[in-house]
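Okay, so here's the structure we're looking at.
Values quoted throughout were computed directly from the atomic coordinates according to the rules given, and no laboratory measurement underlies them. Fair warning: this is a prediction, and the values are worked out from it, not measured in the lab. Here the Cβ is made from the backbone with ideal geometry for all residues, glycine too, and neighbour counts use every protein chain on show.
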Amino acid sequence: MAEKPRTTPRPDTIAAIATAPGRGGIGVIRISGQEILAFAQALSAKQPLPRQATLADFRAADGSLIDTGLLLFFPAPHSFTGEDVLELQGHGGPVVLQMLLARCVDLGARLAEPGEFTRRAYLNGKLDLAQAEAVIDLIDAATTAAARSAVRSLHGEFSKEVNALLEQLTELRALVEATLDFPEEEVDFLEAADAFGRLKRLQQRLAKVFDRAQQGRLLQGGLHVVLAGQPNVGKSSLLNRLAGDELAIVTPVAGTTRDVVRGTLQLEGIPLHIIDTAGLRATEDEIEKIGIARTWREVERADVVVLLVDARSGVGEAERGILAQLPASLARITVYNKVDLAGRAAQRHEETDGVAISLSAKHGEGVELLHQELLRIAGWHPVEDVFIARERHLRALSDTGKHIAAAQTQLPQLELFAEELRLAQSALGSITGEFSADDLLGEIFGRFCIGK
């Protein structure tokens, strides 16, 4: 965890409702900034002691009672933001919370922007950028495994690995820079310092970190799976079977599904977002046409398309037409459904167009084979101590690996070798925020909820 502020803290005081919208037993107003005790005095005529709950009446400017609750004061720098922080814990009604928030604004605070409390924690050195992102990842976690991984990142495990890599890079760069001052001895000097062995060990450690981050990215984002096919091949039945609930209407009538139906399940802690779509066929029905258009939009956003086929009739011209329209880079699985009616066994096999699974959505035979194939396509494999990661983290780690590989090809041109190491260090440092542009910070914290 960083210790030094990254910039001069903004002098203004911010306030926001920190609890979720709606009614609840408890509601919290959070205030962060300068001269926070003056807010406590004006609101309650009390001066709370640090980190001790103080019972108080919260009053309006005319002295009328707004609410009764607790005051909590966290003096800088020992607070979430690194500034003085005051929390007002009262009743969780939307109206009373808005009244309290309006009172704070009257006293000189301004409304906080989305993610501004966490952004101040980052700017004041309380969290690095990877930890700050883990805050929202923990809030948004869709599975138990994702929540545990986000906690590990929030507590700095991901950052610790990144910082260890940065330290190795820094040591290697120092060796190379020193060698540049003695060009006549550069090769012998680097060999004596085991510079090439250091580079190899750095690559090996980077590969392990990338693998753990890649698995964490799956836990954070999951896999979007679109069920496609002609009407009445069992897409809705398969969705219900996978989700373990009757999410979609199932009837013998072709074209029952007219719109997108979604369900989410967990496989090995990975959220799988399953999307049932309208059957793909030529039709004059205007409503069904709209549903088919939405099907193709979902296909464009999918990670995997599962093309369902009736096992009794197999792949025909209609199915081949659908396969031909799928993006070449899109993963696909052909599922032969209704094997119970076709007298076939559930199995996995290879076809010209990729992997095929024979199953019965109605009875469940072969569904586990589909589970395993989806995990294989996702690239999931068990890894200990996975930490949550985002797409930008993977890009940064990948760029670091590319620059390190490029550095190896530049020898004996040490100036170019040193430049690739510098670029690798810059890419790696962007993960924790050692090198971060303001527009990146705006993009990251703008996705947070207000009050966090």
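In this label model, Arg348 and Arg301 are separated by 2.9 nm, measuring between points 7 Å along each Cα→Cβ vector. Shown here are the Rg and Dmax of the Cα trace of segment 14-127, at 13.1, 40 Å. Here the Karplus curve 6.51 cos²θ - 1.76 cosθ + 1.60, taken at θ = phi - 60°, turns the phi angles of segment 207-219 into couplings of 4, 5, 5, 4, 5, 5, 5, 5, 5, x, 5, 5, 5 Hz, with x standing for Gly and Pro.
The ranking of His393, His381 from fewest to most other beta carbons within 10 Å of each one's beta carbon is His381, His393. Summarising the amide proton neighbourhood of Phe58: residues at separation of 5 or more, or on other chains, whose placed amide H is nearer than 5 Å comprise Ile66, Asp67, Thr68, Gly69.
Within segment 14-127, DSSP assigns beta bridges of which about 90% are antiparallel (rounded to the nearest 5).
Using the Kirkwood formula on the Cα atoms of segment 357-405, what hydrodynamic radius do you get, in angstrom to one decimal? Present the calculation step by step, with values, prior to reporting the outcome.
Details: mean 1/r = 0.0718 Å⁻¹.
It works out to 13.9 Å.
In a fully extended conformation the segment linking Ala45 and Gln413 would gain 125.4 nm over its present Cα-Cα distance, using 0.36 nm per residue. Counting other Cβ atoms within 10 Å as a rough exposure proxy, the listed residues Asp67, Asp276 run Asp67, Asp276 from fewest neighbours to most. The residues Leu323, Leu359, Leu55, Leu370, when put in order of fewest to most other Cβ atoms within 10 Å, stand as Leu55, Leu323, Leu370, Leu359.
Phi-derived couplings, Karplus 6.51 cos²θ - 1.76 cosθ + 1.60 at θ = phi - 60°, listed residue by residue for segment 109-115: 7, 10, 5, 6, 7, x, x Hz, with x used for Gly and Pro.
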